[in-house]
1. Quick one: count up the residues across region 50-60 that are part of a loop (DSSP other than H, G, I, E, B) and β-branched (Val, Ile, Thr).
2. Hey, among LEU12, LEU47, which residue is within 12 Å of the chain's Cα centre (by Cα), in a helix (DSSP H, G or I), modelled with pLDDT under 95 and on the phi < 0 side of the Ramachandran plot?
3. Of all residues in region 63-89, count the ones that are within 21 Å of PRO30 (Cα to Cα) and open to solvent by 70 Å² or more (accessible area, probe 1.4 Å).
4. Which of the residues belonging to region 36-58 are among the β-branched types (Val, Ile, Thr) and either open to solvent by 20 Å² or more (accessible area, probe 1.4 Å) or closer than 13 Å to PHE92 by Cα (or both)?
5. Could you tell me whether region 66-77 includes any residue that is touching a residue at least 24 places away in the same chain (Cβ under 8 Å) and assigned to a helix (DSSP H, G or I)?
6. Mind checking which residues of region 1-18 are among the β-branched types (Val, Ile, Thr) and closer than 23 Å to THR62 by Cα?
7. Hey, can you tell me all the residues within region 15-31 that are aliphatic (A, V, I, L, M) and either assigned to a loop (DSSP other than H, G, I, E, B) or loosely packed, with under 13 Cβ neighbours inside 10 Å (or both)?
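The values are calculated or read from the model by the stated rules, or taken from the named source; none is laboratory data. No experiment lies behind these values; they were computed from the predicted model shown. Virtual Cβ from ideal backbone geometry, glycine too; neighbours counted across all protein chains shown. Please note that ligands, DNA and RNA were not included when accessible areas were found on the heavy atoms of the full protein model with its side chains. Shrake-Rupley method; radii C 1.70, N 1.55, O 1.52, S 1.80 Å.
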Amino acid sequence: MRVLILGGTGQLGRSLLEISWPEGTELSSPTRNDVDVTKTNSLENCLRDFKPDYVINATAWTDVPGAESNPEGAMLLNAEAAKNMALLCKEFSATLIHISTDYV
């Protein structure tokens, strides 16, 4: 099983990387410098290269004051990027697991 964790440097992503995964699970957790989830082509290249069975979306703009001062950026990450992940996961036959909080 191949699992791609997006947002692996955040609190949730780090916790996901620390859990005990079934033997044989191959994990990939690229940094935001490696994959910009707000850019469809960057995300598409990542999925094409890694060929995940599952994609876990642990990305989010959780800085409420920052989101209020930059609503376009927050919407781009929290809504548009998530939508593009869903569409690309469908295209690449990967199951998307999207995790959200009340901060999003």
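1. 1
2. LEU12
3. Matching residues across region 63-89 total 4.
4. THR38, THR40, VAL55
5. yes
6. Within region 1-18, ILE5, THR9 qualify.
7. ILE19
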